[in-house]
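Scroll down for the structure; my scribbles are underneath it.
The values are calculated or read from the model by the stated rules, or taken from the named source; none is laboratory data. Computed from a predicted structure; not experimentally measured. Here the Cβ is made from the backbone with ideal geometry for all residues, glycine too, and neighbour counts use every protein chain on show.
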Amino acid sequence: MLEKLDEIRSNAIDELSNLQSLNELEDWRIRYLGKKSTLTQILRGLAALPLEQRKAVGASANEVKALLEAALGQKRAALKEEELARSIERGRIDVTLPGRPLALGRLHPTTQMVREICDIFISMGFQVIEGPEVEWDYYNFEALNIPPDHPARDMFSTFWIDTESGERPMLLRTHTSPMQIRVMERTRPPVRVVVPGKVYRYEATDATHESMFYQIEGLAVDENITLADLKGTLYEFAKRLFGAERRVRFRCDYFPFVEPGVEMAIDCFVCGGSGCRLCGNTGWIEILGAGMVHPDVLRRVNYDPDVYTGFAFGLGVERIPMLRYGIEDIRLFYSNDLRFLRQF
Ligand code: PHE
């Protein structure tokens, strides 16, 4: 029995020195000190031994037990320490490594342009408002003097919205002009607003045509507003946006909802008017359509055209950064290519 205890002790101590992990150590504990271990069996069986043997075996068994328990404690502490050291090593931070760069967001070039343009009009006393992109035919066309068979509908290829038969026709607005009507319907003069927003045209896309783009509408209605106010306001706008030396040119144009209608051009800021690629050798760059609000439009919103007059204008937003930065394809704006977008 004493030899058996000796053997247990030396096997246990041998094995213990080779253990690598706390899991293995636990197996070891169960094997040598657990309830079913030989050592525990021996200690349990002591009472059955003759007195002399009981003393010797009991002393030795308890000694082995105490020794193994002490060794277990030491080994456990050592393994824990090793494990901690390993985990510290694994998680070590090299403070000399460069930090991860945070990508900086920026505003889309169109957003920047919308803000720049609106700021100019805000400083002249205009208010910025927005309106729906899904619009009734009434606001987009009818109320703007474009009845169903009017040839001006051809200027705007339209995305129609499916509606139940008998329902009023609905569409994606083809311009921001419907907001002229919506604003005048809900306020009385004086009116001074600019309306930025998306518009849609059902057209094949190419370098100068997108099916979605931005416009900014302007509307000013009050007593005694004349074509001179339109010219003065838009001239000031052109100078602020394109430089104080700019000259402007107004020519007649036709839009059903204004009378007279004009188109405004600025002298080419690349060649100064002598003719170049940007201005197509004309010396002039057309930037917007405008005109005096048609009396029929005023009447439709219950503004008395003998008392009130007004001017309206509409301009395409993307065209301006295209001119400024020599961007040759409007489709770049909405194709989400970061190589393009990061330049602004
Ligand atoms: N809505 C017109 C267009 O999209 C532009 C315009 C607005 C013209 C206001 C005159 C007055 O072409």
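Of note:
- If the condition is being among the hydrophobic types (A, V, I, L, M, F, W, C), over 19 Å from GLN127 (Cβ atoms) and either near the ligand (Cβ under 10 Å from one of its atoms) or part of a loop (DSSP other than H, G, I, E, B) (or both), then region 298-319 contributes only VAL307.
- Criterion violated by GLN20 - all others in (1) in a helix (DSSP H, G or I); (2) exposed (fewer than 12 other Cβ atoms within 10 Å of the Cβ) satisfied: (1)
- Residue among PRO98, PRO151 that is outside the structural domain of ARG324 (by TED's automatic domain parsing) and over 20 Å from the mean Cα position of the chain (by Cα): PRO98
- Looking only at residues in region 278-294 that are in contact (Cβ under 8 Å) with a residue 24 or more places away in the chain and more than 14 Å from ALA220 (Cα to Cα), the one that is nearest to the ligand (Cβ to nearest atom) is GLY289.
- Residue selected from region 229-246 under the condition of a type outside the set (Asp, Glu) and loosely packed, with under 14 Cβ neighbours inside 10 Å, by the criterion nearest to the ligand (Cβ to nearest atom): GLY232
- Flag for PRO178 being in contact with a strand residue (DSSP E or B) (Cβ under 9 Å, 6 or more places away or on another chain) and either surrounded by 13 or more Cβ atoms within 10 Å (Cβ to Cβ) or modelled with pLDDT under 90 (or both): yes
- Counted residues, region 78-100 - those being loosely packed, with under 10 Cβ neighbours inside 10 Å and not charged (D, E, K, R): 8
- Residue check, GLU263 within 16 Å of the ligand (Cβ to nearest atom) and modelled with pLDDT under 95: no
- Each residue in region 202-228 was checked for being under 16 Å from THR309 (Cβ atoms), surrounded by fewer than 17 Cβ atoms within 10 Å (Cβ to Cβ) and either within 14 Å of the ligand (Cβ to nearest atom) or not assigned by TED's automatic domain parsing to the domain that holds MET184 (or both), and 1 pass.
- Condition broken by ARG106, with the remaining ones in (1) more than 43 Å from the chain's Cα centre (by Cα); (2) surrounded by 12 or more Cβ atoms within 10 Å (Cβ to Cβ); (3) assigned to a loop (DSSP other than H, G, I, E, B) satisfied: (1)
- Check on LYS198, basic (Lys, Arg) and away from the ligand (no atom under 14 Å from the Cβ): no
- Residues within region 69-127 that are free of Cβ contacts under 8 Å to residues at least 24 places away in the same chain and under 30 Å from TYR32 (Cα atoms), tallied: 11
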